[in-house]
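The values are calculated or read from the model by the stated rules, or taken from the named source; none is laboratory data. Just so it is clear, the model here is predicted, and its values are computed rather than measured. When we count neighbours, we look across all protein chains shown, and the Cβ atoms used for this are built from the backbone with ideal geometry, even at glycine.
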Amino acid sequence: MYIFLDTEFTDFINCDLISLGAISEDGQHEFYVEVTDHEVAWQSDFVKGAIVPLLDNAKYGMTFAEAGVAFKQWFEALPDEKIDFIVDYFGDAMLLSDLLHEHGRTEKKVLVKILNEEFRGCLHDRGFHTFEQLQAAWRALLPGIEDYYEQVDNRRHHALVDAKANRHGWLKGLASAQRA
């Protein structure tokens, strides 16, 4: 099972989790949380201007510990035993690891993969082998992500919206490969 995951965080140097969003490839499983006890002093000017205004701590806020428990419960309830988290930035994988680390091991097989690298493997695994199919898929991936922001939800840098946008681009790419 593919789960598209995105995070927002305080800064590239002093990195503390602010929010995490995840959605399954089939769109049936979704998770979103905002971490209320992150290091506010570490927020970069970009974060203060672009990310903080998108937060709704009253609705989605939890402490880091609570967020870890909630995410682990959501994750453990997923129907598949093998979970591939798809992220667009390696730092998302590190923040996910930090969140899960404190809440024990899981019996599920978990891998974290980078979006553009996994897309190649996914295309091959799903039977798209011709150059035309691969080319069509790649040409649709990034525009599909941008389409999501333009047509569905323009809140770029909101963790759940970004995860959904990546999923949307992925699905557009697969659909283009099928048509090629």
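Can you give me the number of residues within the range 95-121 that are among the hydrophobic types (A, V, I, L, M, F, W, C) and either within 20 Å of His158 (Cβ to Cβ) or within 12 Å of the chain's Cα centre (by Cα) (or both)? Please lay out each step first, then the result.
Step one: list which residues in the range 95-121 are among the hydrophobic types (A, V, I, L, M, F, W, C), which gives 95-96, 99-100, 110-112, 114-115, 119.
Subsequent filtering for residues that are either within 20 Å of His158 (Cβ to Cβ) or within 12 Å of the chain's Cα centre (by Cα) (or both) retains 95-96, 99, 112, 114-115.
Residues in the range 95-121 being among the hydrophobic types (A, V, I, L, M, F, W, C) and either within 20 Å of His158 (Cβ to Cβ) or within 12 Å of the chain's Cα centre (by Cα) (or both): 6 in total.
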Read through the list (1) touching a helix residue (DSSP H, G or I) at 6+ places or on another chain (Cβ under 9 Å); (2) not in a helix (DSSP H, G or I), then give the number of the only condition that Asp80 fails.
-> (1)
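Considering the range 99-148 alone, what residues qualify as being polar (S, T, N, Q) and modelled with pLDDT of 90 or more? Please lay out each step first, then the result.
Kept after step one, since they are polar (S, T, N, Q), are these residues of the range 99-148: 106, 116, 130, 133, 135.
Residues satisfying the conditions are Thr130, Gln133, Gln135.
Take the range 100-159 and flag every residue that is of a type in the set (S, T, N, Q), closer than 26 Å to Glu34 by Cβ and in a loop (DSSP other than H, G, I, E, B).
So the first thing to find is which residues in the range 100-159 are of a type in the set (S, T, N, Q), and the list is 106, 116, 130, 133, 135, 151, 154.
Of the ones still in play, those that are also closer than 26 Å to Glu34 by Cβ are 106, 151, 154.
Result: Thr106, Asn154.
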Identify, please: which residue in the range 28-54 is farther than 18 Å from Asp88 by Cα and in contact (Cβ under 8 Å) with a residue 60 or more places away in the chain and is, among those, surrounded by the most Cβ atoms within 10 Å (Cβ to Cβ)?
-> Leu54
Listed by first then second residue, the pairs whose first member lies in the range 61-75 and is free of Cβ contacts under 8 Å to residues at least 40 places away in the same chain and within 14 Å of Asp16 (Cβ to Cβ), whose partner is of a type outside the set (A, V, I, L, M, F, W, C) and part of a loop (DSSP other than H, G, I, E, B), with beta carbons under 7 Å and at least 6 positions apart or on separate chains, are Thr63/Thr36; Thr63/Asp37; Gly68/Glu102; Gly68/His103
Checklist (1) closer than 14 Å to Phe85 by Cα; (2) touching a residue at least 60 places away in the same chain (Cβ under 8 Å) applied to Phe9, failing item | (1)
